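S.K.: First the structure, which I've put down as structure tokens, then a few questions once you've had a look.
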Amino acid sequence: MTALDEAQRIMREAIEAHSPTHVVCLLSGGHDSLTVTHFVMENYQHLRPRVAHIDTGIGIPQTQEFVKDVCRQYQWPLKIFRAVENVRADGTPDPMIYDDIVREHGFPGPGAHRLMYSKLKQRQVRRIVRELKEKRSDRILFISGVRRAESRRRMGTTEEVWRDGAQVWVAPLLYFTES
């Protein structure tokens, strides 16, 4: 079975098992997220997938411009979620600003990855869920470009599909290599 066949199988099984109400491709601007977004947008139009870009506030502006340009070129629906515009579930503004986090906690080393992920990315994923979810039973498929061949850590910890409440994370490219 080819890596493309595996990607199609992973998507098919995720869709069958979770009956998603929404599909969101997370487009960071890197080649893996671009590849998986293209794969989903071309092959799963019947699910009306959309594209989300999470602006953590620490990326370079050219990356976000690239994401906008690609989405415009392919006419993919894009929404940018900015950590500096973070709001709590009750609607209270709660901006996540990298410089403020560094002032409070110091510059992040490897041990602070979880803190930064939580404050700058995970909260935006939760915002996406809050915007899309209408019923308790709704499931949102988040499409990730993660690949096992990226690193040793990912080789042993990444799964094809994993669920966290309404979030269903799907990694169709899991078995793709760099080439």
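S.K.: Only residues in region 106-134 that are over 13 Å from F81 (Cβ atoms) and free of Cβ contacts under 8 Å to residues at least 12 places away in the same chain count as the first member; pair them with residues that are part of a helix (DSSP H, G or I) and not hydrophobic (A, V, I, L, M, F, W, C), Cβ under 8 angstrom, at least 6 apart or cross-chain, and list the lot.
M.R.: Note: pairs meeting the criteria are A112/H105.
S.K.: Oh, and also: Does I101 meet the test of being among the β-branched types (V, I, T) and within 24 Å of S144 (Cα to Cα)?
M.R.: So I101 does not fit the description; no.
S.K.: Also, I was wondering about something else. Has region 141-148 got at least one residue that is more than 19 Å from the chain's Cα centre (by Cα), not small (G, A, S) and not in a helix (DSSP H, G or I)?
M.R.: Checked region 141-148: no residue is more than 19 Å from the chain's Cα centre (by Cα), not small (G, A, S) and not in a helix (DSSP H, G or I).
S.K.: For region 97-104, indicate whether the set of residues that are without any contact (Cβ under 8 Å) to a residue 12 or more places away in the chain, within 22 Å of V24 (Cβ to Cβ) and exposed (fewer than 12 other Cβ atoms within 10 Å of the Cβ) is non-empty.
M.R.: Looking through region 97-104, none of the residues is without any contact (Cβ under 8 Å) to a residue 12 or more places away in the chain, within 22 Å of V24 (Cβ to Cβ) and exposed (fewer than 12 other Cβ atoms within 10 Å of the Cβ).
S.K.: Continuing with this model, one more query. What's the number of the condition P108 fails, among (1) under 25 Å from P49 (Cα atoms); (2) open to solvent by 30 Å² or more (accessible area, probe 1.4 Å); (3) touching a helix residue (DSSP H, G or I) at 6+ places or on another chain (Cβ under 7 Å); (4) not charged (D, E, K, R)?
M.R.: Looking at each condition in turn, P108 falls short on (1).
S.K.: Filter region 10-39 down to the residues that are more than 22 Å from E134 (Cβ to Cβ) and open to solvent by less than 40 Å² (accessible area, probe 1.4 Å) and list them by number.
M.R.: Matches in region 10-39: I10, M11, L27, G29, G30, D32, S33, V36, T37, F39.
S.K.: Can you tell me which residues in region 52-92 are closer than 22 Å to I140 by Cα, exposed (fewer than 13 other Cβ atoms within 10 Å of the Cβ) and of a type in the set (S, T, N, Q)?
M.R.: Selection gives Q75 alone.
S.K.: Report every pair of residues separated by at least 6 positions or lying on different chains whose Cβ atoms are under 8 Å apart, first residue within region 40-65 and without any contact (Cβ under 8 Å) to a residue 60 or more places away in the chain, second loosely packed, with under 14 Cβ neighbours inside 10 Å and part of a loop (DSSP other than H, G, I, E, B).
M.R.: Taking only residues 6 or more apart or on different chains, the pairs are R50/P77; V51/P77.
S.K.: Oh, and also: Identify, from the list G91, G29, the residue that is in contact (Cβ under 8 Å) with a residue 12 or more places away in the chain and not charged (D, E, K, R).
M.R.: That would be G29, the only listed residue that is in contact (Cβ under 8 Å) with a residue 12 or more places away in the chain and not charged (D, E, K, R).
S.K.: Further question: Just to verify a result, which residue in region 123-147, among those that are among the charged types (D, E, K, R) and touching a Phe, Trp or Tyr at 6+ places or on another chain (Cβ under 7 Å), is modelled with the highest pLDDT?
M.R.: The residue in question is R127.
S.K.: Also, I was wondering about something else. Sort out which residues of region 1-28 are part of a loop (DSSP other than H, G, I, E, B) and at pLDDT below 95, and write them in order of number. Walk me through how you get there before you give the answer.
M.R.: If we filter region 1-28 for residues that are part of a loop (DSSP other than H, G, I, E, B), which is where we start, we get 1-2, 19-21, 27-28.
Residues satisfying the conditions are M1, T2.
S.K.: Now for a separate question. Scan (1) part of a loop (DSSP other than H, G, I, E, B); (2) at pLDDT 95 or above; (3) not acidic (D, E) for the single condition A89 breaks and write down its number.
M.R.: (2)
The values are calculated or read from the model by the stated rules, or taken from the named source; none is laboratory data. The structure displayed is predicted, hence computed values, not measured ones. In this analysis, Cβ positions are derived from the backbone assuming ideal geometry, glycine residues included, and neighbour counts consider all displayed protein chains. The accessibility values were calculated without ligands, DNA or RNA, using every heavy atom of the protein model including side chains. Shrake-Rupley method; radii C 1.70, N 1.55, O 1.52, S 1.80 Å.
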